[in-house]
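A quick write-up on the structure given underneath.
The values are calculated or read from the model by the stated rules, or taken from the named source; none is laboratory data. No experiment lies behind these values; they were computed from the predicted model shown. Methodologically, a virtual Cβ is constructed for each residue, glycine included, from the backbone with ideal geometry; neighbour enumeration extends over all protein chains shown. The area values use the complete protein model at the heavy-atom level, side chains included, leaving out ligands, DNA and RNA. Shrake-Rupley method; radii C 1.70, N 1.55, O 1.52, S 1.80 Å.
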Amino acid sequence: MQGFRKSHQIKVDKTSGRHYGALGLQAEPSNNGFKIQVIKLLQSKYHYKEEAEIICNKVQVKLSKECFHPSKSCITDLRTSHWEEAIQETKGGVANRKLAEECYFLWKSTRLQHMTLAEDVKAMLTELRKEVRLLLLTNGEQQTQREKIKACACQSYFDAIVVGGEQKEEKPAPSIFHYSCDLLGVQPGDCVMVGDTLETDIQGGLNAGLKATVWINKNGMVPLKSSPRPHYIVSSVLELPAVLQSIDCKVSVSA
């Protein structure tokens, strides 16, 4: 049982680029704070009027449809291009790369400034690390994810951090889970996957043959019948210690 206790995994997921929902790593409740700062810049410095909000809304649409290929461009160039295109589509005329860069870096810096790890989650992770090994596993582009991790200063709460954009495959591919297990020096059958996305976190944990999967369903979403089925469902990551204790009890009984 002791070997099992020392080999749990826990991860923080990157989904929309706006928050890490699974472990309470959050920026602002929405993108409005980021958008407001850029709108103020466009209105005060460049004398835009209603076009400022239109531009920001266009960028949000582009972000939601974003397809990033590291071999073709870097994330900074891609996202600066979102702003450049949105400005040109709204205002017309010649593309303004300099203004696009100014908007993008203001948007990004504002977002990073507001990223924090909730105090109750910090306390939970600190206690968990006394008993289990913790690994942060997140999909996403390398630069973007590393900037978020650094901004919220969460490195000290984990034994290892794995970013999908730095690996050959991302979740739900089994390879990235097996790589994570190797980092911790444990077997997949001794690990627990915790995440808030069924298609990547839970499906990935199932694909990799982990001991258990825990779905953080904070919004009370009703999954589709075709969705992967987690072993456990909780509404808050703060319920995780009790779930892990339950898993350990089952291991003790079966042993």
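Restricting attention to the stretch 73-89, which residues are open to solvent by 40 Å² or more (accessible area, probe 1.4 Å) and either within 15 Å of Glu141 (Cβ to Cβ) or of a type in the set (S, T, N, Q) (or both)?
Answer for the stretch 73-89, where residues must be open to solvent by 40 Å² or more (accessible area, probe 1.4 Å) and either within 15 Å of Glu141 (Cβ to Cβ) or of a type in the set (S, T, N, Q) (or both): Ser73, Cys74, Asp77, Gln88.
From the list Gln155, Gln113, which one is at pLDDT below 90 and more than 16 Å from Leu240 (Cβ to Cβ)? Working first, answer last.
Working: Gln155 fails: at pLDDT below 90.
Checking each option against the conditions leaves just Gln113.
Scan the stretch 43-63 residue by residue and report those that are open to solvent by less than 80 Å² (accessible area, probe 1.4 Å) and assigned to a helix (DSSP H, G or I). Reasoning before the result, please.
The initial filter retains those residues of the stretch 43-63 that are open to solvent by less than 80 Å² (accessible area, probe 1.4 Å), namely 46, 48, 51-52, 54-63.
Within the stretch 43-63, Glu51, Ala52, Ile54, Ile55, Cys56, Asn57, Lys58, Val59, Gln60, Val61, Lys62, Leu63 meet the criteria.
Determine if the stretch 127-137 includes at least one residue that is modelled with pLDDT under 95, acidic (Asp, Glu) and under 15 Å from the mean Cα position of the chain (by Cα).
The answer is no; no qualifying residue exists.
Considering Thr138, Thr126, Thr144, Thr110, which residue is among the hydroxyl-bearing types (Ser, Thr, Tyr), assigned by the TED database to the domain that holds Ile202, farther than 18 Å from Ser180 by Cβ and in contact (Cβ under 8 Å) with a residue 40 or more places away in the chain? Outline the logic, then answer.
Working: Thr138 fails: farther than 18 Å from Ser180 by Cβ; Thr126 fails: in contact (Cβ under 8 Å) with a residue 40 or more places away in the chain; Thr110 fails: assigned by the TED database to the domain that holds Ile202.
Answer to the check: Thr144.
Given the condition charged (D, E, K, R) and closer than 26 Å to Ile75 by Cα, answer yes or no: does some residue in the stretch 198-212 qualify?
Going through the stretch 198-212, the residues charged (D, E, K, R) turn out to be 199, 201, 211.
Filter once more, so that each one left must be closer than 26 Å to Ile75 by Cα: 199, 201.
Checked the stretch 198-212: at least one residue is charged (D, E, K, R) and closer than 26 Å to Ile75 by Cα.
Scan the stretch 176-203 for residues that are under 20 Å from Ser235 (Cα atoms), assigned to a helix (DSSP H, G or I) and open to solvent by less than 10 Å² (accessible area, probe 1.4 Å) and jot them down. So that I can check it myself, show each step before the final result.
Residues of the stretch 176-203 that are under 20 Å from Ser235 (Cα atoms), as a first pass: 192-203.
Among the residues that remain, those that are also assigned to a helix (DSSP H, G or I) are: 198-203.
Listed by number, the residues that qualify are Leu198, Asp201, Ile202.
All but one of (1) exposed (fewer than 15 other Cβ atoms within 10 Å of the Cβ); (2) within 23 Å of Gly164 (Cβ to Cβ) hold for Lys108; which doesn't?
Going through (1) exposed (fewer than 15 other Cβ atoms within 10 Å of the Cβ); (2) within 23 Å of Gly164 (Cβ to Cβ) one by one, Lys108 breaks only (1).
Take the residues in the stretch 224-239 that are in contact with a Leu (Cβ under 6 Å, 6 or more places away or on another chain) and not aliphatic (A, V, I, L, M); name whichever of them is surrounded by the fewest Cβ atoms within 10 Å (Cβ to Cβ).
Of the residues in the stretch 224-239, the ones in contact with a Leu (Cβ under 6 Å, 6 or more places away or on another chain) are 227-228, 237.
Then drop every residue that is not not aliphatic (A, V, I, L, M), which leaves 227-228.
Details: Ser227: 14, Pro228: 19.
So the residue we want is Ser227.
Kindly indicate whether Leu244 is modelled with pLDDT under 95, open to solvent by less than 10 Å² (accessible area, probe 1.4 Å), not small (Gly, Ala, Ser) and not in a strand (DSSP E or B). So that I can check it myself, show each step before the final result.
On the way: modelled with pLDDT under 95: yes; open to solvent by less than 10 Å² (accessible area, probe 1.4 Å): yes; not small (Gly, Ala, Ser): yes; not in a strand (DSSP E or B): yes.
Yes, satisfied.
With respect to Ser71, determine if the residue is more than 18 Å from Tyr48 (Cβ to Cβ), outside the structural domain of Thr144 (by the TED database) and in a helix (DSSP H, G or I).
Values: more than 18 Å from Tyr48 (Cβ to Cβ): yes; outside the structural domain of Thr144 (by the TED database): yes; in a helix (DSSP H, G or I): no.
Spelling it out, it is not the case that Ser71 is more than 18 Å from Tyr48 (Cβ to Cβ), outside the structural domain of Thr144 (by the TED database) and in a helix (DSSP H, G or I).
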